[in-house]
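Working notes, beginning with the structure itself.
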Amino acid sequence: MINENYQGEINSFKKNFNIYVNKKIVLYGIGRYTAVLIPAIPEYNIIGLMDRDKENIGKHMYGLPILSKEQVKKEADLIIINTSENYWENIFHRIGDLGIPVFYLNGKKAYIYNKNVNYKNSSYWTKSCEELIDKIKKYDIISFDIFDTLVMWKVYIPQDIYKLIEIKIMESLGIKIDFYKVRLETESCNRYCNLTLDEIYSLMNRKWRISLVLLDEIKEIEFTVTKENIVPRKNMIDLCNSLLELKKVYFISDMYLSRTILKEILMQCGIKKVENLWISAELKDDKRGGGLWKRYLQEIGEGKKALHIGDNIVSDVRNPSQFGIDTYYIMSASDMLKNSSLSNIVPDILGLGESMYIGLICVELFNDPFELRKSKGLIQIDNYDKLGYCIFGGVICSFLLWLTESAKEKNIKRLFFLARDGFFLEKDYLYFIQLLNKDIFPRGEYLAISRRLALISSYSKSEDMDTIINFPYIGVFSEYVLDRFDLKIPSEDIHFSQAINLPMDGYKVKKWLEPYESKIEKIIKDEKKNYLKYLKKFNLQETDAVIDLWYYGNNQFYLSKITGMHMKGFYFAANLSKENKCCSNNDLYVCFQKENDLLAEKCNLYKESLWIESYLTAPYGMIKAVDEYGNYICAANGKNQINFKEKELINEGVCRFIRDYVQLSGRKKIKIDRMFVDKVFEEVHCKNIEIDETLKSTFFYDNSITGRRENPIFD
């Protein structure tokens, strides 16, 4: 029997799509809408389903396969987006390129509504905590929604908690069950029944048929994972606590969790006293349908002035208003993202990794529902820790996830992080594997190298000297000789202060160097000897690999030349064209680069390479050489070193993100789609995230081998 709440939806579907009854139809959506629709439309030729999460492809729900975009393009006549209207445009963004008709559930051909895309015009940005406090003073009774109002999830898409529970079941109990699928189907098919968790588990066990003892263990895992992945919205918690002794306060939730668990969650999140707790599963009435509000009005009595505060436009605003209950709308963190300057990324939050990544960012940026009031929706980063957490944290974490997986596939035993870009990366890697289990990962080492050091140490014949001399440099001759060859020339030299520009001035500079030829050769010989001694202690093997940021792999090339070994290198992005000499005798693997983008022209991280290098530096200048004891001989500190404390604060934010992500994912390394990480960084490149001017003033570009000039990155 079809619930009367659903019959209208089914009738509407048949009316809107009756002319397509014999067409091959794919429904986008695996939630409640599809659970209700499938058994009610047997006359339609529904050939499969689509979902945002690629991991669901190949699975079956409601008796239908979940198809890939390629399968749909090949087999379907049309797609119907069968979800809440709230998601229509985001979904169409994902599938609009398939070249087959896509329809919204209202029967209209899918399109992007030409609305005012200026996020700053949202009326919500005029709201403030002060306004809410003033409004509260006028009421006798206050009620709060719980989820997304007082507390929030660490994942962007709440249903992804079920995926984390499934992972935890495997880790803790050693059994593999399709918890996510069965849980979603059970909830979707019984949405208006207001089931308790016990009732949900009883229905799920009709499919699993496991012992009640094991069922209780799974339920306990759900309690644990749920409580671990909820955080308070601190300002809202403080506001609620300030009212507990002044007014009668109710907590109202459409929820399956028990009174005991919900009370635990509220207390865990800082609520000092929980007395009036209304739960739809207990009352068998809910906010969504309106029945709960009718009972609530009877409870508080006619004539009492009541205000409800919540995030859902229907359940927390429209429905209580119909019963004479005043309301105050606050945005959930997910809706703040959708309405902010970062809204472009929302359609691409597809898998569990992306949901975790953006969920953590939302906790950091949108914990306060009024955070974007002053900026009118523009995301602003105003401290170094937040810069590390929100901007660089996902980049470094996703790189390390990819790196460890790639190293395992290629049987790498040691990873050498090349100076100076590898200074923080090596520390972050060691921290990352310690959080997981350092015994099962390649050993991490920091290796002193620079382009100067590599050039000098690979010298073996006269042609190599030409390469060393002609490597780009802009400055004056005396500085060049000191920087390139670590040799001070007398001020009497007639070329001492003459400006040079290499390689253009290579011929004359080579002539000017002739008086110092023997000294230069001795310096090169000694430096090469010391560096080879330094390298020898590492006993480099072909099962080792180097880590660098980008682009040609010159340091890898020269290391390979010095050691005579074929080497592997892992990069953020690199030149993978046949013209790159490093590719001819070495293997370069890239993280944030599409397969057909050989020159990394579409890589947004590479477009901001100078900024990233300015953060990923070391507390000392370029390593010019190592002495006979292996100590670094460095160029003078530059402005990045003067501002190195700020870089450390950024990296603390990065490590905090890594910790939160690993704790959220457990022992399983849940990958983040690397192209999604690059897309998020595109928002920085496109100025949709505003970095405070004080922060920007601490980033500089320096390259001692090419000259002494330092330029601000944000000039």
Exercise for the section: For Pro39, indicate whether it is at pLDDT 85 or above, surrounded by fewer than 17 Cβ atoms within 10 Å (Cβ to Cβ) and closer than 30 Å to Lys163 by Cα. Expected result: yes
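For (1) buried (at least 22 other Cβ atoms within 10 Å of the Cβ); (2) touching a Ser or Thr at 6+ places or on another chain (Cβ under 7 Å); (3) not hydrophobic (A, V, I, L, M, F, W, C), each residue gets a yes or a no:
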{"residue": "Phe370", "(1), (2), (3)": "no, yes, no"}
{"residue": "Ile379", "(1), (2), (3)": "yes, yes, no"}
{"residue": "Asp382", "(1), (2), (3)": "no, no, yes"}
{"residue": "Tyr389", "(1), (2), (3)": "yes, no, yes"}
{"residue": "Val395", "(1), (2), (3)": "yes, no, no"}
{"residue": "Thr404", "(1), (2), (3)": "no, no, yes"}
{"residue": "Lys408", "(1), (2), (3)": "no, no, yes"}
{"residue": "Asn411", "(1), (2), (3)": "no, yes, yes"}
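If you take the residues of region 141-187 that are closer than 30 Å to Ser242 by Cα and of a type in the set (Asp, Glu), which of them is nearest to the chain's Cα centre (by Cα)? Talk me through it step by step, then tell me what you get.
Of region 141-187, the ones closer than 30 Å to Ser242 by Cα are 141-156, 158.
Narrowing the set further to residues that are of a type in the set (Asp, Glu) leaves 145, 148.
Details: Asp145: 28, Asp148: 20 Å.
Once the filter is applied, the top-ranked residue is Asp148.
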Practice task
Check whether at least one residue in region 291-303 is part of a loop (DSSP other than H, G, I, E, B) and either closer than 30 Å to Ile167 by Cα or touching a residue at least 24 places away in the same chain (Cβ under 8 Å) (or both), and report yes or no.
Solution key: no
Fill in the blank from the handout: Residue hits (region 13-41; farther than 27 Å from Val182 by Cα and either within 35 Å of the chain's Cα centre (by Cα) or touching a residue at least 60 places away in the same chain (Cβ under 8 Å) (or both)) are Lys15, Asn16, Phe17
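Identify all residues within region 566-577 that are modelled with pLDDT of 90 or more and either within 23 Å of Ser460 (Cβ to Cβ) or assigned to a loop (DSSP other than H, G, I, E, B) (or both); write none if there are none. I'd like the intermediate steps shown before the answer.
Kept after step one, since they are modelled with pLDDT of 90 or more, are these residues of region 566-577: 566-576.
The answer is His566, Met567, Gly569, Phe572, Ala573, Ala574, Asn575, Leu576.
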Exercise for the section: Would you point out which residue out of Val249, Val231, Val274 is surrounded by 15 or more Cβ atoms within 10 Å (Cβ to Cβ) and part of a loop (DSSP other than H, G, I, E, B)? Expected result: Val274
Practice task
May I ask you to list the residues in region 237-248 that are touching a residue at least 40 places away in the same chain (Cβ under 8 Å) and closer than 23 Å to Thr226 by Cβ?
Solution key: Ile237, Cys240
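Each row is one residue, and each column tells you yes or no for (1) in contact with a Cys (Cβ under 6 Å, 6 or more places away or on another chain); (2) within 22 Å of Ala573 (Cα to Cα).
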| position | (1), (2) |
| --- | --- |
| Phe392 | no, yes |
| Phe399 | yes, yes |
| Ala407 | no, yes |
| Phe416 | no, yes |
| Phe424 | no, yes |
| Ser460 | no, no |
Practice task
Would you be able to say whether some residue in region 334-341 is crowded, with 23+ Cβ neighbours inside 10 Å and not in a helix (DSSP H, G or I)?
Solution key: yes
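Mind telling me which of the residues Arg667, Arg659 ends up being under 28 Å from Ile440 (Cα atoms), in a helix (DSSP H, G or I) and out of contact with any Gly (no Cβ under 9 Å at 6 or more places or on another chain)?
Details: Arg667 fails: in a helix (DSSP H, G or I).
From the options Arg667, Arg659, the qualifying one is Arg659.
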Handout entry: Failed condition for Ile30, given (1) surrounded by 13 or more Cβ atoms within 10 Å (Cβ to Cβ); (2) out of contact with any Asp or Glu (no Cβ under 6 Å at 6 or more places or on another chain); (3) at negative phi
Key = (2)
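To keep it simple, each residue is scored yes or no on (1) closer than 30 Å to Asn596 by Cα; (2) surrounded by 18 or more Cβ atoms within 10 Å (Cβ to Cβ); (3) in contact with a strand residue (DSSP E or B) (Cβ under 8 Å, 6 or more places away or on another chain); (4) modelled with pLDDT of 95 or more.
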residue	(1), (2), (3), (4)
Asp627	no, no, yes, no
Arg656	no, no, no, yes
Ser665	no, yes, no, no
Ile670	yes, yes, no, no
Phe681	yes, yes, no, no
Lys687	yes, no, no, no
Asp692	no, no, yes, no
Tyr701	yes, yes, yes, no
Glu710	no, no, yes, no
Completion exercise
Scanning region 179-228 residue by residue, the ones that are under 21 Å from Tyr33 (Cα atoms) and part of a loop (DSSP other than H, G, I, E, B) total 4
Practice task
Hand me the list of helices (runs of 4 or more DSSP H) wholly inside region 477-544 holding 1 or more residues that are under 22 Å from Cys634 (Cα atoms) and not basic (Lys, Arg).
Solution key: 477-485, 517-536
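Could you list all residues from region 56-87 that are within 23 Å of the chain's Cα centre (by Cα) and either polar (S, T, N, Q) or at pLDDT 85 or above (or both)?
Of the residues in region 56-87, the ones within 23 Å of the chain's Cα centre (by Cα) are 56-57, 86-87.
Correct list: Asn56, Ile57, Asn86.
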Problem - Criterion violated by Gly506 - all others in (1) out of contact with any helix residue (DSSP H, G or I) (no Cβ under 7 Å at 6 or more places or on another chain); (2) within 30 Å of Ser491 (Cα to Cα); (3) of a type outside the set (Lys, Arg) satisfied - result: (1)
Practice task
Could you please let me know if Thr224 is out of contact with any strand residue (DSSP E or B) (no Cβ under 9 Å at 6 or more places or on another chain), free of Cβ contacts under 8 Å to residues at least 12 places away in the same chain and surrounded by fewer than 19 Cβ atoms within 10 Å (Cβ to Cβ)?
Solution key: no
Handout entry: First in region 125-140 and under 15 Å from Glu245 (Cβ atoms), second anywhere and among the hydroxyl-bearing types (Ser, Thr, Tyr) and surrounded by 10 or more Cβ atoms within 10 Å (Cβ to Cβ), Cβ under 6 Å, 6 or more apart
Key = none
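The values are calculated or read from the model by the stated rules, or taken from the named source; none is laboratory data. This one's a predicted model, so the numbers in the text were calculated from it and none came from an experiment. Heads up, the Cβs are rebuilt from the backbone with ideal geometry, glycines too, and the neighbour counts pull from every protein chain shown.
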